[in-house]
Ligand SMILES: [Zn+2]
Ligand SMILES: [Zn+2]
C-alpha cells in the first residue's frame, strides 16, 4: 500500500453532504454487462467524424490522383497495398480506442453498505467521487466529459471521443502510430509524384486537370505534415508515459504527489498485452486484462490521522483536480 503524502489532502474539499454515503445510490439501470461503450459528446463525435473524413480524403487522393493513373504498375500495387493496410489499421485502432471502456469505475458504488463492507481500519480512507458517487481506487480520476471515474486516466481525447485509460491506451498508441505512418507514406508519395510530374507532361500524370491535381496534392501535403507532427509527438508522449508508468495527469501533479512506479518493461507489457509479439501492433488483440479490484484497492492509507483533522480547505490551484474528492475516514 502506497503512502499518500499529507499535503495531498489540502486539495480535498470535505463537504459534509459528501460524507453521507446513503446519498449515493447505484444508478437505477446499470445496463447489461457487455453493452457497447460510446460517449455521447457532440464535440467528440464531430472530431471523430473529421478524423475519418481526413483519412478517407487521403485514401482518395493517394488512390485516384496518384496510384491508379500511374503507369508504373509495380509501384502502384506495392504502395497501394501498404497505404491501405496502414489506413485500415489506423481506422480499426480508432474504433477500438473509441468503443472500448477505458477503465470506468462502477458508478454509484459508494454506498453505505459497500463502504461498511470494506471494514476500514484506523488510518484508512476511501476517496469518494461526489460527481459519479463511486469510490476512487488509486490512480483513478473523474472525467467531466465521460462523466465517470476512469482508472489510470491519461487524458480525454476528443479525436477518439473517449478517455485514454488503462484498457484502451494500447489502441490509442496504435492509432497515433498508424496515423503518423500513413502521413509519412503519403508525404513521400506526394514528393515522388511531384518529381514525376515535373519531368513528364502534367496532363499525363493524373486523370484530373493540372490545377485540380496540384490543389488536391497540396491539401494532402498540408494534412500529412500536420498529422505527422501531431501524432508523432503524441505517440512519443504516450510511449514515454507507459515506460515511466506515469499518466499525463500524474505528470502534471508529480510535484505534489510523488509515488512509486513499476518497472518500465512490466508497464509496457501490461499495456500492449504480454510478451513482445506481432499482436502488440494488432488493434484486434486485446491488452492484458486488468487485475480485478480487490477490497484493498478501494482503500488508501493516510500517514497520520491528525493530518485528516482539518481538511476544510478548498482545493488549491489544481486545474485537473476540479473533481472535489471527498474522504471517508474511520476514526476510532
Ligand atoms: Zn467520478
Ligand atoms: Zn473522458
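Extending 7 Å from the Cα toward the beta-carbon at both residue 84 and residue 237 defines two label points whose distance is 3.4 nm. The rule of thumb for compact globular proteins, 2.2 N^0.38 Å, goes into the C-alpha radius of gyration of the stretch 56-175 1.65 times.
The label-point distance for residue 76 and residue 301, in a model that sets each label 7 Å from Cα toward Cβ, rounds to 6.8 nm.
What is the extension gain from residue 113 to residue 192, computed as 0.36 nm multiplied by their sequence separation minus the C-alpha to C-alpha distance, in nm to one decimal?
Working it through step by step, the gained length comes to 21.7 nm.
Laboratory data are not the source of any read-out in this text; all were calculated from the coordinates shown. It should be emphasised that the depicted structure is a prediction, and the values quoted were computed from it without experimental measurement. As a convention, Cβ positions derive from the backbone with ideal geometry for all residues, glycine included, and neighbour counts pool all protein chains shown.
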